[in-house]
């Protein structure tokens, strides 16, 4: 039930970011390269923190009372910021701001909008499977295997953050010249 809640919340949060995020940026006068740099910095900082975490895996549950039978909030902290954080939101906003307008034709807009929704649905399904079977996967990997996967994932995430920063920086450079 919790895995389903996180998957649905993640889908809705990314969908809102995809279709509404560009309007929020326009309202505040924020450009896409700045969003890329800021989002990349957040992703890289989070990955760096994970990369240098203690050998013991910290329990990522919230500090609230998780007694048996106590409700666990599927939105905070599991959906936002652990699953869908500033990095993925900035990517969704960037993709949403580059979607075609009605001038591209209603068919093209429907095709791309449907493709975006299908992509978000695939991401939500992946999130569901990961959360649903997380206990079994961790048990199968063992403590050392989980640590290796976490460090490798953190390094890949760090590289993604640096790439997002680089893309934003390169978009800013012609504007500065």
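Got a sec? Which of 109, 120 is surrounded by 12 or more Cβ atoms within 10 Å (Cβ to Cβ) and modelled with pLDDT of 85 or more? Of the residues listed, the single one that is surrounded by 12 or more Cβ atoms within 10 Å (Cβ to Cβ) and modelled with pLDDT of 85 or more is 120. When segment 49-85 is filtered for residues that are at pLDDT 80 or above and either in contact with a strand residue (DSSP E or B) (Cβ under 7 Å, 6 or more places away or on another chain) or part of a loop (DSSP other than H, G, I, E, B) (or both), the ones remaining, listed by number, are 52, 53, 84, 85. Only one of the listed residues (88, 103) is buried (at least 16 other Cβ atoms within 10 Å of the Cβ) and either modelled with pLDDT under 80 or within 23 Å of residue 46 (Cα to Cα) (or both). That residue is 88. Going by what's in this entry, would residue 41 be described as modelled with pLDDT of 90 or more and either in a loop (DSSP other than H, G, I, E, B) or within 13 Å of residue 6 (Cβ to Cβ) (or both)? In short, no.
The values are calculated or read from the model by the stated rules, or taken from the named source; none is laboratory data. In this text, all values refer to a predicted model and were calculated from it rather than measured experimentally. Cβ atoms come from the backbone with ideal geometry, glycine included; neighbour counts cover every protein chain shown.
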